[in-house]
Amino acid sequence: MKNAKIHHVGIIFNEMEKAEAFMEMLGLEEEYRGYVESYRAWCIFLKPNGGSKVELIVPTEGNLQEYNQGKGGIHHIAYEVDDVEKVRKDMAKMGITLLEEKAVPGAGNIIVNFMRPRDGKGVLVEFVENI
C-alpha cells in the first residue's frame with residue numbers, strides 16, 4: 001500500500017438537487033452513478049480532471065444523512081489499492097479493524113472498505129480495489 005494513488009475524494013450532499021447544482025455550477029461532468037446498497041446512498045463519480053476523481057454522495061437514509069449535522073461536506077479520501085483484503089489483514093496486524101469484515105461492492109466496478117477516523121488520525125480513509 002506504500003505510496004498508494006488517490007482514487008477519489010468523497011463529498012456528501014443532503015439532496016440530489018444540490019449535488020447536481022454543484023456539478024452544473026462548476027461545469028463538472030458525470031462519469032457514472034450507482035446506488036450502493038451497503039451504505040444506502042447514490043454515488044456519482046465525476047469525470048477525472050487531471051487524475052483523481054471526485055465522488056458526490058447522496059444518502060437516501062441512515063447514518064450518512066447525519067454527516068456534519070445533516071449539512072454534508074467533504075467526507076473521505078479514497079486510496080486505490082491492489083488488494084483490499086490484504087490491506088484489511090495488514091491493518092488487523094496493527095490492531096486496526098476496518099469498518100467491514102469483508103470488502104463491499106461500491107459504485108461501478110470497485111470493492112471498498114473503510115478505516116474509521118479514530119484509527120486514521122481523524123480522517124475517514126476508504127480503500128478501493130478495481131475489479
Among ILE96, ILE57, ILE77, the single one that is at pLDDT 95 or above, over 16 Å from GLY10 (Cβ atoms), surrounded by 14 or more Cβ atoms within 10 Å (Cβ to Cβ) and among the hydrophobic types (A, V, I, L, M, F, W, C) is ILE96
- Query: Can you find even one residue in the range 23-32 that is of a type in the set (Phe, Trp, Tyr) and either in contact with a Leu (Cβ under 7 Å, 6 or more places away or on another chain) or modelled with pLDDT under 95 (or both)?
  - Reply: yes
Exercise. Answer yes or no as to whether GLU31 is without any contact (Cβ under 8 Å) to a residue 12 or more places away in the chain and farther than 18 Å from LYS2 by Cβ.
Key: no
* To do: Might you let me know whether the range 107-117 holds any residue that is more than 14 Å from the chain's Cα centre (by Cα), farther than 14 Å from HIS7 by Cβ and of a type in the set (Lys, Arg)?
  => no
Picked from the range 80-93 (must be assigned to a loop (DSSP other than H, G, I, E, B) and surrounded by 13 or more Cβ atoms within 10 Å (Cβ to Cβ)), the residue nearest to the chain's Cα centre (by Cα) is VAL81
query: Any residue at all in the range 18-30 that is in a strand (DSSP E or B) and among the aliphatic types (A, V, I, L, M)?
result: no
The residue that is surrounded by the fewest Cβ atoms within 10 Å (Cβ to Cβ), considering only those in the range 111-123 that are touching a helix residue (DSSP H, G or I) at 6+ places or on another chain (Cβ under 9 Å) and hydrophobic (A, V, I, L, M, F, W, C), is ILE111
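The values are calculated or read from the model by the stated rules, or taken from the named source; none is laboratory data. As the structure is a prediction and not an experimental result, all values here were calculated from the model. Using ideal geometry, Cβ is built from the backbone for each residue, glycine included, and neighbour counts are taken over all protein chains shown.
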